[in-house]
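None of the figures in this text is laboratory data; all of them are computed from the coordinates on show. These numbers come from a predicted model, not from an experiment. In this analysis, Cβ positions are derived from the backbone assuming ideal geometry, glycine residues included, and neighbour counts consider all displayed protein chains.
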Amino acid sequence: MRARVNIITLIVITLISFGWYFSLVSIRYIVPVILIYIVINIVGASKIQLNYFFVSHCKGITENREIALTFDDGPHPEITPSILKLLEDYNVTATFFCTGKNATQHPHILTEIINKGHIIGNHSYGHSKLFDLFSPSKMHGEITDTNTALTKITKKSPLLFRPPYGVTNPMLGRALKKTNMISVGWSLRSFDTVKNNHEVLKKLKSNTKPGDIVLFHDTVPNTINIVKDYLIWLQESDYKVVSLTSLLKIPAYEE
Ligand SMILES: [Zn+2]
């Protein structure tokens with residue numbers, strides 16, 4: 001998609017330049033074209049579902065009432081075990097996109113995630129606020145350091161990567177290509193880190209659709225009760241929680 005936008009922008013700028021050369025249009029028309037180009041790129045970077053810089057798996061293709069649950073930013077020493085207990089009570093599996101830093105600090109929780117049949121994915125090493133500004137080699141280092149940490153503990157080499165904050169850019173595209181990682185986004189964001197339980201549940205209940213990949217965080221206490229109520233509602237609504245790999249039909253680890 002980005003290539004198409006680049007070509008169209010280049011053609012429009014070339015046409016304006018020719019027009020200006022032959023005194024047909026003002027060169028100032030280039031300014032709005034460049035501004036529109038910048039806005040499109042900012043929107044493309046912030047909306048992972050647009051697949052603007054590279055393809056991310058954000059939703060399963062199915063008409064069955066099946067969805068997958070994902071938890072980002074952990075493992076957390078108190079919240080992740082509570083979530084694991086809850087998932088066990090309702091007999092569902094989920095995917096945990098862990099940071100290398102948290103996994104290294106809480107290896108026994110990571111082991112518990114695996115032992116209970118859940119999937120782990122890579123969510124960068126330090127989840128830096130400046131991650132999107134890192135060079136491709138620094139991003140590559142974050143991805144490989146995290147995979148090394150996760151593999152050391154679980155003996156599994158993850159293939160799934162969720163970009164921190166869901167922001168995509170060409171640098172990350174290059175780093176993912178080099179590491180052969182598969183980018184995974186989401187189709188339904190719970191906003192569990194910013195909204196109250198009532199608001200989150202209301203939104204989840206009205207927006208859940210077949211094939212959804214739902215985004216939670218196992219680092220905020222609110223998430224525990226939200227997930228519990230959501231699981232009850234999913235059962236009542238005949239929704240089945242399936243693993244991310246079965247929903248997307250992709251592997252989670254290197255063979
Ligand atoms: Zn995150």
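Across the stretch 6-139, C-alpha contacts under 8 Å between residues 6 or more apart give a mean separation that, scaled by the residue count, equals a relative contact order of 16 percent. Using C-alpha pairs under 8 Å with a sequence gap of at least 6, the mean separation divided by the residue count of the chain gives a relative contact order of 27 percent. Under the combined filter of DSSP loop state and at most 12 neighbouring Cβ atoms within 10 Å, the stretch 217-255 retains these trypsin sites (Lys or Arg not before Pro): 249. Between residue 85 and residue 194, the FRET efficiency from the beta-carbon distance, with R0 = 22 Å, is close to 0.30. Relative to the longest principal axis of the Cα atoms of the chain, helix 79-89 runs at roughly 60 degrees.
With a cut-off of at most 10 other beta carbons within 10 Å, and DSSP calling the residue loop, which trypsin sites (Lys or Arg not before Pro) in the stretch 155-219 qualify? Please list them.
155
Here the simple spin-label model places points 7 Å from the Cα toward Cβ, and for residue 10 and residue 46 these points are separated by 2.8 nm.
With both residues required to sit in the chain, DSSP beta bridges show an antiparallel share near 10%.
Taking the Cα atoms only, what angle lies between the long axis of helix 197-207 and the longest principal axis of the chain, rounded to 10 degrees? Between helix and principal axis, roughly 70 degrees.
So if we plug the beta-carbon distance of residue 220 and residue 156 into 1/(1 + (r/R0)^6) with R0 = 25 Å, what FRET efficiency do we get, rounded to 0.05? About 0.40, to the nearest 0.05. For the chain, the longest principal axis of the alpha carbon atoms and the long axis of helix 30-46 meet at an angle near 10°.
State the Cα centre-to-centre distance between the stretch 1-57 and the stretch 203-255 in whole Å. Rounded to whole Å, the Cα centres lie 37 Å apart. For the stretch 1-103, the set of GluC sites (Glu not before Pro) satisfying both a DSSP loop assignment and a count of at most 16 other C-beta atoms within 10 Å is given as 63, 78.
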